[in-house]
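Heads up: the structure comes next, in structure tokens.
Taken together, the values in this text are just the output of simple stated rules run on the coordinates, not laboratory data. Keep in mind that what you see is a predicted model, and the values were worked out from it rather than measured. Note that each Cβ is placed from the backbone with ideal geometry, even for glycine, and that neighbours are counted across all protein chains shown.
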Amino acid sequence: MYSTIQMIHSYWAYLVLTMIIIASFNAIIKYFGGKEFNAIDFRIALFTLIVTHIQLLLGIALFFASGYVSLISDIGMSELMNNDVLRNKIIEHPTLMIIAVALITIGYSKHKKKLTSKPKFKVLAIFYTLALASVLYMIPWKTWF
């Protein structure tokens, strides 16, 4: 079960990264271009929200299927925090990815409350770009390539 979830989580990450890049650049370009917010912009933001939430669920399932919870109780938090690899996998990566998903969720919710195009794109550009920076920072690049 663990290897299946890990494979799905790994491959789904490509879709997540692609969608966050598309959504961020779409919002930035249309904000500075003074374009009108239309249905495709809404769909891009919504699809990005959906794929990131699915990735979060896969990540949570992977975390509990991996045995990290029992590992934490076996070795203790001080040993965990002294081990760079384990700290990254168990603490840093999940925490920053949850923050990225929260940023996307907040940006999506806030953009719906705006009435005109420019503020919608501004909110999406800010929150989705911050989420993109968080995701890019925490991607395990060595395992991706």
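Which whole-percent values make up P(r) of segment 1-62 when all C-alpha to C-alpha distances are grouped in 5 Å steps starting at zero?
With 5 Å bins starting at 0, P(r) equals 4, 18, 23, 18, 13, 10, 7, 5, 2, 0.
With the contact rule set at Cα under 8 Å and sequence spacing of 6 or more, what percent relative contact order holds for the chain?
Value for the chain: 36 percent.
Could you tell me how many degrees, from 0 to 90 and to the nearest 10, lie between the Cα long axis of helix 117-138 and the main elongation axis, the longest principal axis, of the Cα atoms of the chain?
Its long axis makes an angle of about 20 degrees.
What residue among V69, V135, V16 shows peak mean-square fluctuation when the chain is described by a Gaussian network model with Cα springs under 10 Å?
V69
For segment 1-137, give the magnitude of the charge dipole about the Cα centre (Cβ charges: +1 Lys/Arg, -1 Asp/Glu; no others), in debye to the nearest 20.
940
In what sequence do M77, M1, M138 fall when counting other Cβ within 10 Å, fewest first?
Ordered from fewest to most neighbouring Cβ atoms within 10 Å, M77, M1, M138 come out as M1, M77, M138.
Per the Cauchy relation, a quarter of the hull surface: what is the mean projected area of the convex hull of the alpha carbons in the chain, in nm²?
9.4
Quick one: how many lysine pairs in segment 41-145 have C-alpha atoms under 28 angstrom apart, if they're 8 or more apart or on different chains?
8
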